Structures are given as structure tokens and as C-alpha cells.
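Working notes, beginning with the structure itself.
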Amino acid sequence: MTIAVDFDGTIVEHRYPRIGEEIPFAVETLKLLQQEKHRLILWSVREGELLEEAVEWCRARGLEFYAANKDYPEEERDHQGFSRKLKADLFIDDRNVGGIPDWGIIYEMIKEKKTFADIYSQQREENSSQKKKRKWLPF
């Protein structure tokens, strides 16, 4: 699967144009997805030096993207049919409706091929079942 991943607000806290602190488990989760043969593309509003800073920040933590702001490494803006819109199967971005879930949920959604609604329903069922199992102590 090709996965486009935003940088500011998704991998790191939003401090643009500076680089914020890493969001817990973001880099580890992305590296795990790469190990499972997913192709990751860094998809960011950053360009030029700011984009290179983000790429280097990730590289310093062992996270190498297939491409940054393009579909494949060799793609150039003047190529026939170039489009700024990526051909990705999935986008991970803090600007989606409802914000970004934690990286554990993101990983579960991808690994188990579940939607956020599936995860939410499952958690509600688990919470409901735990409430029913509680036994109150007599004191």
C-alpha cells in the first residue's frame, strides 16, 4: 500500500516553520509499516529547505521515505502529466475530519484493514462488556 504522511502536526507537533517535538510513536509506527512493505511518501506543505530539514529530521531517526511531495523519487514538476495530487492509497494527516487518532490506532487500522468506525465500535463494545462484568464490593 502507498501511504502519504504529513509532517507538521502528524509526525511532529505543529510548530511550522520550525520542527516541533516528535508525536509519540509516530516514527516507530512508520518504520514498522515500512518493514511490512508499505511505501511511504512524505506529503507536506514544506518545500525547498524546509522540506529538506523535515526529510533530514526523519532520516536522522532511521525513517527514509520513498519520495517527498511526489509520487516517485525521479518525478519532476515539468514531467508529462505531473500532478501535485499524489496517487496514494491512504493519507495520514492531522487535518482530516476529527483530527488524527493516536499512532497505535492508525497502525491497527492499517494492519487489520479496519476503518475508524470499526475501531470505535469495537472499543465501545469492550467498554460496555467491562462495565457489565464489574462486581461491586460490599464496603
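Taken together, the values in this text are just the output of simple stated rules run on the coordinates, not laboratory data. Note that the coordinates shown come from a computational prediction; the quantities given were computed from them, not determined experimentally.
Computed over the chain, the range of Cα coordinates on each principal axis works out to 73, 30, 28 Å, biggest value leading. For the chain, give the share of DSSP beta bridges that are antiparallel, in percent and rounded to the nearest 5; count only bridges with both residues there. Of those bridges, close to 10 percent are antiparallel.
Give me the percent relative contact order of segment 1-134, please, defined on Cα pairs under 8 angstrom at least 6 residues apart. Value for segment 1-134: 29 percent.
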